[in-house]
Amino acid sequence: MKTVLCYGDSLTWGYDAASLDRHPLKDRWPSVLQATLGGGIEVIAEGLNGRTTAFDDHLAGADRNGARMLPTILMTHAPIDLIIIMLGANDMKPWIHGNPVAAKQGVQRLVDIVRGHDYPFDWPAPQILIVAPPAVSRTENAEFKEMFAGGDEASKRLAPQYSALADEAGCGFFDAGSVAETTPLDGVHLDAENTRKIGQALAPIVRVMLEL
């Protein structure tokens, strides 16, 4: 049995901007990935609304710093064969940093944590697949428009930054924006169709990386 850990934010959690609730389990991209891959593999979703790559956000009642939480999550689900990291959208908030280079550095920190973690029982570190989230889009939603001010342009530069990092670090890479786009309802989240597209598109990449 192979284990795949999906480490992300509200796009992985399954936030639905239309209902202001959560997408049905079957529509969330980790579930679609699981269904597409079939048996012999377990796909675990670890999504948290507002999670950043490696930066603090003191406006929430949970720890949104992806780097600080990652060691605990690695131990919770070990042994892991592949970790899929799709983070960076929340880094585009101006009060976080709003800078794609800083987001790249945050993902680099996550890669270092995954590879440098002290795994028990001589378990090897998992392979890493870095996924750039779909770019923030323009919206008439006043709250999200201010929350992600400037994020539409900044987030377009995440994919090339992450691709370069993947090459440097020897990780897999996928640009989720090549198959999915954010909803104009808030400019950040995904409707059911687009979150499904990500799960479907990742399946062949996961098969290759895990030699399935």
- [ ] Taking H placed 1.01 Å from N in the peptide plane, check which residues at least 5 places from F173 or on another chain put their amide H under 5 Å from its amide H.
- [x] I130
Task: Choice from A142, A169, A35 showing the highest fluctuation, given a GNM over the chain with Cα pairs closer than 10 Å - done: A142
Task: the chain: most fluctuating residue of D118, D186, D175 per GNM, C-alpha cutoff 10 Å - done: D118
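If you stretched the chain out fully between A60 and R138, how much longer would it get, using 0.36 nm times the residue separation minus the C-alpha to C-alpha distance? Can you show the working numbers first?
Values: separation 78, 0.36 × 78 = 28.08 nm, distance 2.45 nm.
Gain on extension, A60 to R138, equals 25.6 nm.
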Open item on the list: If neighbour count is taken as other Cβ atoms inside 10 Å, put T12, T3 in order from fewest to most.
Closed with: T3, T12
Open item on the list: Sequence gap at least 6, Cα distance under 8 Å: using those rules, report the relative contact order of region 2-210 to the nearest whole percent.
Closed with: 25 percent
TODO: Sequence neighbours fewer than 8 away in the same chain don't count; with that in mind, list the aspartates and glutamates whose C-alpha is under 17 Å from K26.
DONE: D16, E42, E46, D191, E193
Task: Most fluctuating residue given options S137, S163, S19, as computed from a GNM of the chain linking Cα atoms under 10 Å - done: S19
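Before anything else, pin down the relative contact order of region 99-212: Cα pairs under 8 Å, at least 6 apart, normalised by residue count, whole percent. Let's see the in-between values first.
On the way: 132 pairs, mean separation 33.8, N = 114.
Once divided by the residue count of region 99-212, the mean separation gives 30 percent.
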Open item on the list: How tilted is helix 192-210 with respect to the longest principal axis of the chain? Cα atoms for both, answer in degrees (0 to 90, nearest 10).
Closed with: 30 degrees
TODO: Step through the residues of region 32-46 one at a time and calculate ³J(HN,Hα) from phi using the Karplus curve (6.51 cos²θ - 1.76 cosθ + 1.60, θ = phi - 60°), rounding each to whole Hz and writing x for Gly and Pro.
DONE: 5, 4, 4, 5, 6, 6, x, x, x, 8, 10, 9, 10, 9, 10
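None of the figures in this text is laboratory data; all of them are computed from the coordinates on show. Just so it is clear, the structure is predicted and the values come from calculations on it, not from any experiment. Counting neighbours? That spans all protein chains shown, and the Cβs are built from the backbone with ideal geometry, glycine included.
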